[in-house]
Structures are given as C-alpha cells and as structure tokens.
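Peer 1: Submitted below is the structure of interest, expressed as structure tokens.
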Amino acid sequence: MKYNSDQDHSLILLVNEFETMSQEGNVSFLEEQDFLKLINYYEKEFLFEKAIEVADHALSQYSFSADFHIKKAQLFLATRNSEKAMSILDQAEVFAPAELDIHLLRAKILSSLGQYTKALQLIGRIKGKASSEELSDIYLCEAQVFECLKEYDNMFESLKESLHHNPNNEEALERVWVCTELTKKYKESILFHKEIINKQPYSYLAWYNLGHAYSCTRKYEEAIESYEYSFIINEEFELGYRDCADLCFQTTNYHKALAFYKEALELFGPDSDLLADIGECYLKMEDFTNAKDYFNKASKLDPYNDEVYFYLGTCHAREDRWLSAINAYFKAIEIEDRREEYFSHLALAFSKVGEFAKAHYYYLKATEIGPEQSEIWKDHATFLLKLGEPEKALEVLEEGEYNAVGPELSYCKAACQLSMGNKKDGMETLRLALIDDIKLAPIIFEILPELKEDVPVHQLINYYMTEVM
C-alpha cells in the first residue's frame, strides 16, 4: 500500500496495526476517534469495502453511536447501495433524531432513488429550524438535488444561498464553478464572486472561480491576476498554478507561463505533463535545446505519453533534423495512432528527406483519421502541387471540400488552377477565397511561391484589401 509523503506517521501506524489485526481476525478495542480516522482514510483511498469493514468493527464496540451509523450509511450511498444506506440511516435516527447530518443524508438518499420531490420537501422542512451556518449545508444539499434534476439555474441559486450563509463553504465553492459552466452564467459569477471576496478576501477558491469566469468572458489579464491571488493565498493550491500557467500559455505569454510552471515544479515535484508543459514553453520560445531536455525528462517519467514524443519530433523538425523527427513521430504513433496531426507531421518529414511515396501515404492516413481538418487536406494538396502534380492535388481538394470547410482549401484550389494555366477559373476561385477570408490571402504564396511574381494575382488581392480597409 502506498502512502503520500505528507501523511501523518501515526495514521500510517494505525492503518498497519488495524490491517494486521484484521488479517488475524482479532480487532481489539480502539478509541472512537481512531475508528473515524481509519474510515476516513479508506474512504479517501476509495477503498469503500474496507471502510465499511472498519465501520462494522466500530459499531460492534460502539453500537449506540449515531456517528458510525451515519458514516456507514454514507459509505453505502457512495457505493450506490441506496436502500441499505436508508435502512442504516433509520437506525442512526433512533439515537440522534435531531441530527442535521441525518436529515441531509436522507435527502441525498431520496435523490439517489429518484424521489426528488420528497427530498426537496424534507429540505424545505428543516430550513426553518436551522442556524445560518447549517443553512449553508442545507442549501448545498438542495443544490445537489437540483443537479440530479438537471435544473441548473435552480442549482446556481441554491449554491449562491449556501455561500451567502457561509462564504467559506469549500464544497459549495467547488460546485458553483461547475454550475457556472453548466449555466454559462459567467458575468453573474464574476459579480457574485466579487461579493464573496469583499466579505472573505482570503478565499482562494473564490479567487480561483473568479479567474475562470474572467477567462470565459475573455478578460484574460483579470483572469491571470485572479488565478495568481488564488495560489498567493494558498501556496499549496497546485490547480491555481497550473490553470494560471495554462492561460498565460494560451495567450502567448510564454515567459510568464514558464515562470509559473517552474514554480509549480519546485513546489509539487515533477510529473510528465508538467515537464511537457515546460518543454512546450521552450518550444514556443524556439529554445529547442531546453525544450528537448524537458521532453526527454517527461518521457522518462511516462514512456507512454505520446504528446511528448510528438513535441520532440517537432523540435527536431524545427532544427531540420528530419530523420530524428521521423523517429520521434513514429514513437508517438506507436502509442496513439488516432491523432491526424501525428501522421501529417510524419508525412511532411518524409517529404523533406525525399521519401515522397511514404509522404503521400501518411498524408492519406492523416486525412482518413481527421477528414474534417481542412488544414491537412491543404497540406496534402500543397505537397502534390510542389511535386508538379496539380491534377492529383485538385482531386485531393475535391475530396477535402466534401469532408471539411475552410478558406484555405479555396486558396489551395486557386493555386492549383493557376499552376495548370487555367487563369480564368483560378482567378475566380481566388476572388471567392478573398471574399471568404481576406486575412488568409498570403497563404497562396506559401502554397505556390511563383505567384509572388504574378501581377494580376497581386492586383486582385490588393483590390480586396483596399475594399476591407
């Protein structure tokens, strides 16, 4: 059995002692707190049968304990044995009829049985007798029922009420972001979390949720700042570092992303994905030496991380080390053979070393896997065009237009027609492409570089550029 380094040594000893006694069939007397520690431990490890076994031993020694009956009912609910959970909860109520946790757990069990009206009625009855802090848990329970009913607007309102009564309710803070995603109430979420932060400025989860909401409304600077506050407040909040760094990366702030990824690496230690993220930053910054170093470290931690090998291949390709790139791409494909970009990059690498038949084959594989990706059809057609086979390139584009949508296909088609000397159709196709997306106009010169000297093509592009401006 594995233990995390931060687990309390006494808990490890307690677990080992209990397992030894259990194997010998002789569990001696333990304090109530020790039993609760063992139950919580096994529950966190998702070893529910073992947790139930501990609860049974606890009840054999403390048969009148409502706490152990409640814990056992919770465990049966977690294993989706709702009827048994309800039966055990009835026993708990005998010993503690006024216990709030019993009523809340009963509502959850009723909800799991599909008896939502009864669950909501029960919640409604106990609201009037509850304190403000208890109301936070009651509204959280109500939100869970609404979630089961897929009434996400009502769920959102219940979570807001829960947090109004207790802004520090971490479970409610965790669920409210999920609900925000389901309802798309990002602007309302921004206002609401600002209210929470005004009351509790050191709520790291409120700052984190605010960051998400800002990000979804494309207020990226505010989002990054909010994420930063989340892990400044809670230095052990790894998700805050990761999401903040991810957003910096997505907004092309690679230096800042790298700083946050490295901070997470220092605090939480390496894992393959984190090392790969650092490598990607260096790749975007065109520091291929450091990029390859981190990708290699990532591959050692997880030899089955296909993306790491793909990025290694990309580094080699950017350095014109095409044979090394081919080797890396093949490793990625051995692990994951349903990623069209792996095959298209492999095809490009083979074209660079003059293996044109293999390049053509792997372009076909790429379009077979990702037929909706217009970029790959364009790349395949461009490859054939550069081989001096515009007719075959047009055939590829016709199939591409049947499967995918994208102005790059029209630009590529225009280049093929112009290459074949079909000036009239080529200029008309180019005209339609310019109307569709004028910003992509330079792509035609990448597809067919000799068009840079074609005056009519430049005149047509300049005409539409002038129209747009």
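The values are calculated or read from the model by the stated rules, or taken from the named source; none is laboratory data. None of these values were measured; they are calculated from a predicted model. Note that we place each Cβ from the backbone using ideal geometry, even for glycine, and neighbour counts take in every protein chain shown.
Peer 1: Quick check on my filter: what residues within the stretch 48-75 are more than 21 Å from Leu14 (Cα to Cα) and either at pLDDT 80 or above or under 33 Å from the mean Cα position of the chain (by Cα) (or both)?
Peer 2: Phe64, Ala66, His69, Ile70, Ala73, Gln74
Peer 1: Name the single residue that is nearest to the chain's Cα centre (by Cα) among those in the stretch 213-224 being under 13 Å from Cys248 (Cα atoms) and of a type outside the set (Val, Ile, Thr).
Peer 2: Only one residue fits best here, namely Ser215.
Peer 1: Related question: Being surrounded by 23 or more Cβ atoms within 10 Å (Cβ to Cβ) and out of contact with any Asp or Glu (no Cβ under 8 Å at 6 or more places or on another chain) is the filter here; which residues of the stretch 398-412 pass it?
Peer 2: Hits for the stretch 398-412 are Gly400, Tyr411, Cys412.
Peer 1: Among the residues of the stretch 225-243, write down those that are within 17 Å of the chain's Cα centre (by Cα) and within 23 Å of Thr183 (Cα to Cα).
Peer 2: Correct list: Tyr227, Leu239, Gly240, Asp243.
Peer 1: Being assigned to a helix (DSSP H, G or I), surrounded by fewer than 24 Cβ atoms within 10 Å (Cβ to Cβ) and not polar (S, T, N, Q) is the filter here; which residues of the stretch 292-309 pass it?
Peer 2: Listed by number, the residues that qualify are Lys292, Asp293, Lys297, Lys300, Leu301, Asp306, Glu307.
Peer 1: Same structure, new question: Any chance the stretch 335-345 includes a residue that's β-branched (Val, Ile, Thr), under 30 Å from Leu258 (Cβ atoms) and buried (at least 20 other Cβ atoms within 10 Å of the Cβ)?
Peer 2: The answer is no, given that none of the residues of the stretch 335-345 is β-branched (Val, Ile, Thr), under 30 Å from Leu258 (Cβ atoms) and buried (at least 20 other Cβ atoms within 10 Å of the Cβ).
Peer 1: Oh, and also: Suppose the filter is over 25 Å from Glu133 (Cα atoms) and of a type outside the set (S, T, N, Q); does Ala73 pass it?
Peer 2: no
Peer 1: Oh, and also: In the stretch 76-109, how many residues are hydrophobic (A, V, I, L, M, F, W, C), under 20 Å from Glu134 (Cα atoms) and modelled with pLDDT of 80 or more?
Peer 2: Result for the stretch 76-109: 7.
Peer 1: Lys129 is checked against (1) assigned to a helix (DSSP H, G or I); (2) free of Cβ contacts under 8 Å to residues at least 24 places away in the same chain and fails just one. What number does that condition carry?
Peer 2: Lys129 satisfies all of (1) assigned to a helix (DSSP H, G or I); (2) free of Cβ contacts under 8 Å to residues at least 24 places away in the same chain except (1).
Peer 1: Same structure again: Using the structure shown, decide if Val455 is among the hydrophobic types (A, V, I, L, M, F, W, C), surrounded by fewer than 22 Cβ atoms within 10 Å (Cβ to Cβ), more than 34 Å from the chain's Cα centre (by Cα) and more than 28 Å from Arg321 (Cβ to Cβ).
Peer 2: Against the criterion (among the hydrophobic types (A, V, I, L, M, F, W, C), surrounded by fewer than 22 Cβ atoms within 10 Å (Cβ to Cβ), more than 34 Å from the chain's Cα centre (by Cα) and more than 28 Å from Arg321 (Cβ to Cβ)), Val455 qualifies.
Peer 1: List every residue pair whose Cβ atoms lie under 6 Å apart, where the two residues are 6 or more positions apart in sequence or sit on different chains, the first residue falls within the stretch 261-279 and is more than 24 Å from Thr314 (Cα to Cα) and in contact (Cβ under 8 Å) with a residue 12 or more places away in the chain, and the second residue, located anywhere, is aromatic (Phe, Trp, Tyr) and crowded, with 23+ Cβ neighbours inside 10 Å.
Peer 2: Ala264/Tyr241
Peer 1: Let me ask something additional. Just the residues that are more than 21 Å from Pro390 (Cβ to Cβ), among the acidic types (Asp, Glu) and part of a helix (DSSP H, G or I), please, taken from the stretch 347-378.
Peer 2: Answer for the stretch 347-378, where residues must be more than 21 Å from Pro390 (Cβ to Cβ), among the acidic types (Asp, Glu) and part of a helix (DSSP H, G or I): just Glu368.
Peer 1: Then there is this: Report yes if Thr117 is among the β-branched types (Val, Ile, Thr) and under 28 Å from Ala143 (Cβ atoms), otherwise no.
Peer 2: yes
Peer 1: Okay, next question. Can you pull out every residue in the stretch 67-83 that is crowded, with 19+ Cβ neighbours inside 10 Å and hydrophobic (A, V, I, L, M, F, W, C)?
Peer 2: Scanning the stretch 67-83 gives Phe68, Ile70, Ala73, Leu75, Phe76, Leu77.
Conditions tested, residue by residue: (1) at positive phi; (2) within 26 Å of the chain's Cα centre (by Cα).
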| position | (1), (2) |
| --- | --- |
| Gly114 | yes, no |
| Gly128 | no, no |
| Glu133 | no, no |
| Ile138 | no, no |
| Glu161 | no, no |
| His165 | no, no |
| Thr180 | no, yes |
| Trp207 | no, yes |
